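Only one structure is covered here, and it is reproduced in the block below.
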Amino acid sequence: SALDIETNEPILILNENGEFSDLLTSKRLYAHQMIEESMISANICAADFMKKNYGYGVYRVHEEPEFLKIESLKNFFSLKGLSYSKELNSLNLINAFINHANKNQESKIFNILILQSLKRAKYSTQEIGHFGLQLEKYSHFTSPIRRYPDLITHRLIKNMINSSKKTFSKELLEEILQLESS
């Protein structure tokens with residue numbers, strides 16, 4: 001199972017003059033979860049396709065959090081009344097923190113603290129895996145295409161499907177991905 005972080009996106013309501021009038025939060029429906037699961041599956045397929053055809057891919061990677069950050073969260077949530085099994089791995093510990101945070105009035109602040117303790121996801125040609133999603137390979141292939149590495153993923157896949165003779169240097173791609181991740 002993956003990290004179970006639920007975020008409610010804010011919805012800005014504007015009046016007929018285009019001025020801000022209200023702020024609402026979106027409700028996450030079962031239909032949203034089905035779409036998210038389908039998108040994750042498509043992104044896994046894209047990563048597998050690149051790996052199979054090129055020997056590498058444009059991966060969205062997320063490393064496991066640092067030991068000291070986890071220890072700091074343990075201390076904080078212990079002070080907030082959380083008791084947990086000492087045998088829990090990083091993923092289960094973080095999910096325990098999230099569950100405890102969500103029962104608290106200050107859940108938004110606690111969830112921000114948890115998120116800040118995690119490493120940032122980044123792009124790489126290295127198959128490091130995605131800690132938050134608990135996946136070995138993951139790419140960004142689905143809409144919306146937000147960043148240049150997402151477009152590169154599309155180009156790599158299109159190149160293979162069209163039997164194009166274009167070549168992509170893994171070293172150059174890694175250099176581009178490092179620039180995008182910084």
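Considering region 1-20 alone, what residues qualify as being under 21 Å from LEU91 (Cβ atoms) and open to solvent by 70 Å² or more (accessible area, probe 1.4 Å)?
Listed by number, the residues that qualify are SER1, ASP4, GLU6, THR7.
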Those residues of region 26-81 which are outside any helix (DSSP H, G or I), of a type in the set (Ser, Thr, Tyr) and in contact with a Lys or Arg (Cβ under 9 Å, 6 or more places away or on another chain) amount to TYR56, TYR59
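So if I check each of PHE168, PHE97, which one is out of contact with any His (no Cβ under 8 Å at 6 or more places or on another chain) and free of Cβ contacts under 8 Å to residues at least 60 places away in the same chain? Give the derivation first.
Working: PHE168 fails: free of Cβ contacts under 8 Å to residues at least 60 places away in the same chain.
When all the criteria are applied, what remains is PHE97.
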Picking from GLU71, GLU63, GLU136, the residue that is under 19 Å from LEU179 (Cα atoms), modelled with pLDDT of 90 or more, open to solvent by 30 Å² or more (accessible area, probe 1.4 Å) and not basic (Lys, Arg) would be GLU63
GLU127: passes all of (1) open to solvent by 20 Å² or more (accessible area, probe 1.4 Å); (2) in a helix (DSSP H, G or I); (3) modelled with pLDDT of 90 or more but (2)
Being touching a helix residue (DSSP H, G or I) at 6+ places or on another chain (Cβ under 7 Å) and within 16 Å of CYS45 (Cα to Cα) narrows LEU177, LEU156 down to just LEU156
So for region 154-173 (the condition being at pLDDT 90 or above and in contact with a Lys or Arg (Cβ under 7 Å, 6 or more places away or on another chain)), does at least one residue qualify?
yes
Scanning region 21-54 for residues that are surrounded by 10 or more Cβ atoms within 10 Å (Cβ to Cβ) and either more than 27 Å from GLY129 (Cα to Cα) or among the basic types (Lys, Arg) (or both) gives SER21, LEU24, THR25, SER26, ARG28, LYS51, LYS52
Within region 11-32, does at least one residue satisfy the condition of being within 28 Å of LYS108 (Cβ to Cβ), touching a Phe, Trp or Tyr at 6+ places or on another chain (Cβ under 8 Å) and in contact (Cβ under 8 Å) with a residue 60 or more places away in the chain? no
Scanning region 99-138 residue by residue, those under 16 Å from GLU64 (Cβ atoms) and among the β-branched types (Val, Ile, Thr) turn out to be ILE114, ILE128
### Message
Residues that are outside any strand (DSSP E or B), under 20 Å from ILE35 (Cα atoms) and among the small types (Gly, Ala, Ser): does region 140-161 have at least one?
### Response
yes
With criteria (1) over 16 Å from the mean Cα position of the chain (by Cα); (2) within 20 Å of LYS51 (Cβ to Cβ); (3) surrounded by 16 or more Cβ atoms within 10 Å (Cβ to Cβ), HIS100 comes up short on (2)
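The values are calculated or read from the model by the stated rules, or taken from the named source; none is laboratory data. What you see is a predicted model, and the numbers here were worked out from it, not measured in a lab. Virtual Cβ from ideal backbone geometry, glycine too; neighbours counted across all protein chains shown. What goes into the accessible areas is simple: the full protein's heavy atoms, side chains included, and nothing from ligands, DNA or RNA. Shrake-Rupley method; radii C 1.70, N 1.55, O 1.52, S 1.80 Å.
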